[in-house]
1. Would you order ASP120, ASP86 from fewest to most other beta-carbon atoms within 10 Å of each residue's own beta-carbon?
2. Among DSSP beta bridges lying fully in segment 63-130, give the percent that are antiparallel, nearest 5.
3. In debye, nearest 20: dipole of segment 1-60 around its Cα centre with unit charges on the Cβ of K, R (+) and D, E (-)?
4. For segment 79-95, what does the Karplus curve 6.51 cos²θ - 1.76 cosθ + 1.60, with θ = phi - 60°, yield as ³J(HN,Hα) per residue in whole Hz, taken in order and with x for Gly and Pro?
5. Once amide H atoms are built 1.01 Å from N in the peptide plane, which residues 5 or more positions from GLU83, or in another chain, come under 5 Å H to H?
6. Which residues in segment 50-74 place their backbone N less than 18 Å from a point set 7 Å from the Cα of SER16 along the Cα-to-Cβ direction?
7. Run the helix sum for the chain: -39,500 (n - 2.57) per DSSP H stretch of 4+ residues, divided by residue count, reported at 222 nm to the nearest 500 deg cm²/dmol.
8. Please go through segment 69-130 and write out the GluC sites (Glu not before Pro) that DSSP classes as loop and that have at most 15 other C-beta atoms within 10 Å.
Amino acid sequence: MKNIKGINHIGIRVSSYEASLAFYSQFGFEEVAGPSESEPVAIIEHPSGININFIVNANTEQKQNVLMEGEVKYAGITHIAIEVSDLDQLLREFEALGVVLSGGPVQHPSGRACFIRDPDLNVLEFFEFN
C-alpha cells in the first residue's frame with residue numbers, strides 16, 4: 001500500500017499512569033489527554049512527534065516482561081527504537097537523571113545503541129546512525 005505514511009502512535013500497557021508519566025516526562029514527553037473513568041487510555045507526546053498511548057490496566061501483581069524474560073519466547077513487539085542525533089550526549093543526560101542502562105552502548109554496522117527499561121520493564125532502545 002503506497003498511502004502508508006508512518007507510525008501514528010505506540011500503545012504501551014502500564015500498571016501505573018503516574019509512574020509511567022513521571023518516567024517518560026524525564027525525556028520531554030508531555031501529557032496530552034486522559035485517562036478518563038470510561039477509557040483507561042492516556043496520551044503523551046514528545047516535541048519530536050512521537051506519540052505514546054498508555055493503556056492503564058496492566059496486572060500490578062507481577063513485574064515481568066513476558067516477551068523478554070524466561071525460557072519461553074512469546075511473539076510480540078520486544079522494544080521501541082528511538083533515533084537520536086548524539087548518543088554520547090544522551091548517555092550524559094541519562095547519567096545526570098540517574099537512568100540506568102539495561103544494555104549497551106553497543107556498536108552496530110550502521111550505528112550505536114543503548115537500552116533502558118521503563119517502570120513496567122518495557123525496553124526502549126536509543127539509536128544513533130553512523
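Bear in mind these aren't lab numbers, they're just calculated from the coordinates by the rules spelled out. Because the structure is a prediction, the values reported are computed rather than measured. Quick reminder, even Gly has a Cβ in these numbers, built from the backbone with ideal geometry, and neighbours come from all protein chains shown.
1. Numbers: ASP120 20, ASP86 10.
Placing the least packed residue first, the sequence is ASP86, ASP120.
2. Working: 11 of 16 bridges.
Roughly 70 percent of the beta bridges in segment 63-130 run antiparallel, per DSSP.
3. Values: 3 positive and 6 negative charges, 84 e Å.
Rounded to the nearest 20 debye, it is 400 debye.
4. 6, 10, 10, 10, 7, 10, 8, 8, 5, 4, 4, 4, 4, 5, 5, 4, 4
5. Those qualifying (amide H under 5 Å, at least 5 residues apart or on another chain) are PHE127.
6. Residues passing the 18 Å test: 54-65.
7. Numbers: 2 runs with 20 residues, N = 130.
Counting only the DSSP helices, I get -4500 deg cm²/dmol.
8. Values: sites: GLU69, GLU71, GLU83, GLU93, GLU95, GLU125, GLU128; in loops: GLU69, GLU71.
Answer by residue number: GLU69, GLU71.
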